[in-house]
1. Residues that are at pLDDT below 95: which helices (runs of 4 or more DSSP H) entirely in the range 262-344 hold 3 or more of them?
2. Please state which one of I123, I87 is modelled with pLDDT of 95 or more, closer than 22 Å to L39 by Cα and within 8 Å of ligand 2 (Cβ to nearest atom).
3. Determine if the range 92-114 includes at least one residue that is within 15 Å of ligand 2 (Cβ to nearest atom) and part of a helix (DSSP H, G or I).
4. Would you mind stating whether C114 is surrounded by 19 or more Cβ atoms within 10 Å (Cβ to Cβ), at pLDDT 95 or above, within 16 Å of ligand 1 (Cβ to nearest atom) and outside the structural domain of N325 (by TED's automatic domain parsing)?
5. F103 versus (1) in contact with a Phe, Trp or Tyr (Cβ under 8 Å, 6 or more places away or on another chain); (2) within 13 Å of ligand 1 (Cβ to nearest atom); (3) within 30 Å of S319 (Cα to Cα): which is the lone unmet condition?
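The values are calculated or read from the model by the stated rules, or taken from the named source; none is laboratory data. Since we're looking at a predicted model, the values are computed, not measured. No Cβ is skipped: glycine too gets one built from the backbone with ideal geometry, and neighbour counts run over all protein chains shown.
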Amino acid sequence: MQVKNTTRIGLYKDLLASSNYFKLVCGAGNEDKTEIEYLTYIYTLAGCSGFDVSANPEIVLSAKKGINEALRKAKELEIELPFEPFITISIGLPGDHHVRKAFISDNCVACNLCIPACPTNAIPNTLKIKPELCIGCGDCEAACPPAVQAIAYKHDTKELNKILPSCLEAGAESIELHAGVADNESTMKEWENVSNYVPNGLISMCLDRKHLSNDDLIFRIKSAMSIAGERLIIQADGIPMSGGNDNYNTTLQAVSIADIINKELKQKIAAYKDLPLLISGGTNSFTGSLARQCGVAFNGISIGRHARKAIIKYKKSPSEITNENLLGAVANAKILIEKNLYCC
Ligand code: SF4
Ligand code: SF4
């Protein structure tokens, strides 16, 4: 796309206004530095608009490293990259799945069924889950026999007053709050906090319908807007972290929650007409197409698991990957971006 605005926030807004924002979700709980560097390297070269990473300054630096390596490589390969992608950091309220970490309790009978079920290889043969790899998806819980149910979770508590300024200093430009919880009061308190950390930047609230009825969802968005005003982005999370399969059915709920926000808010109340809406939670290569077929407007698409899976077979650090594999991975990433944003 043609870059018109010179300020970063102006560019961010332009991308959203033109429905051209593609975000790779590296995972709020993903603290594997090598993987973050690889993902940001490949998806920057593919033309990705932004990345969502764990609120950890070292992870932000890994993302920055991947992006910078990609910008350097783009010159060498004569790939035109019109802008540097944005880095958003993800935080979450206790209870939200994006910021929980699984652990195995004493009930475990060592059947090992959870090991192959984990999409991030966080469960070794020792059955001690590696927290830095756990993204809280719950696939291990689903694999654990119902009579045993040995998977439990703890909230990944972070001291926001310490980590948020360091993350912003390391290169993050916006913050996303995962607010998939019922309690509106505590959510709004945290939201106000988040808002104060980036008084001049865009802030995103990620919402799903697990704990919120349609009316509650709309009320939550209105409350968020009363604090953030025009800095607000809503990420509509169909079924959080459910995008493993690539078909229409998997992405149905992601498009559906966006449809509700459009019908109940954006099309009804003039003040919300331009509210940026990102679709997520079950997104894959069919999301943009399904939304367009259903007449569901969106400003961008955020993809996590499916986007990571699309390039994972080539995974190597930027200095180790061969040009052939690099181009293969970039081509896969590019197809996913273009299919979502532009194809029918
Ligand atoms: S399956 Fe998901 S929740 Fe379980 S250990 Fe792996 S990443 Fe964590
Ligand atoms: S599936 Fe459940 S019982 Fe089996 S090894 Fe994993 S945690 Fe233990």
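1. Numbers: elements: 287-294, 305-309, 323-341.
So the answer is 305-309, 323-341.
2. Details: I87 fails: within 8 Å of ligand 2 (Cβ to nearest atom).
The unique qualifying residue is I123.
3. The first filter runs over the range 92-114 and keeps only residues within 15 Å of ligand 2 (Cβ to nearest atom), leaving 101-114.
In the following step, the residues that additionally are part of a helix (DSSP H, G or I) were identified as 114.
Looking through the range 92-114, at least one residue is within 15 Å of ligand 2 (Cβ to nearest atom) and part of a helix (DSSP H, G or I).
4. Working: surrounded by 19 or more Cβ atoms within 10 Å (Cβ to Cβ): yes; at pLDDT 95 or above: yes; within 16 Å of ligand 1 (Cβ to nearest atom): yes; outside the structural domain of N325 (by TED's automatic domain parsing): yes.
Answer is yes for this residue.
5. (3)
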